[in-house]
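Data first, discussion second: the structure below is written as structure tokens.
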Amino acid sequence: MGLHADLASLSSTLDQMIERVDAAATSMKDGDDEDLLGDLYEVERHLRSANRRLNRVLTAVPPSH
């Protein structure tokens, strides 16, 4: 598998992780632990940021790599 394919796979994995963290946060919205909810939102924010940066790298890597 080439570099472009590896990076695309990682981006897809990050998308799935973001969805799972978001689902976890959504399920906790009615709970008492605001600190934990805040931490989950922070994790989600960092994952989204990482995925945006990875996608910028992905556009710079030719598909043939």
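A few notes on this one:
- A 1.4 Å probe run over the chain, with the rest of the protein chains in place, finds 74 Å² accessible per residue.
- Normalised Debye scattering of the chain at q = 0.11, 0.12, 0.20 Å⁻¹ gives log10 I(q)/I(0) of -0.34, -0.39, -0.75, counting only Cα atoms as equal scatterers and leaving out solvent.
- Phi to ³J(HN,Hα) by Karplus 6.51 cos²θ - 1.76 cosθ + 1.60 over segment 49-65, Hz, x for Gly, Pro: 5, 4, 5, 4, 5, 4, 5, 5, 5, 4, 5, 8, 8, x, x, 6, 8
- With every protein chain in place, segment 15-65: carbon and sulfur % of accessible area (1.4 Å): 51 percent
The values are calculated or read from the model by the stated rules, or taken from the named source; none is laboratory data. Just so it is clear, the structure is predicted and the values come from calculations on it, not from any experiment. With ligands, DNA and RNA removed, areas are computed over all heavy atoms of the protein, side chains included. Shrake-Rupley method; radii C 1.70, N 1.55, O 1.52, S 1.80 Å.
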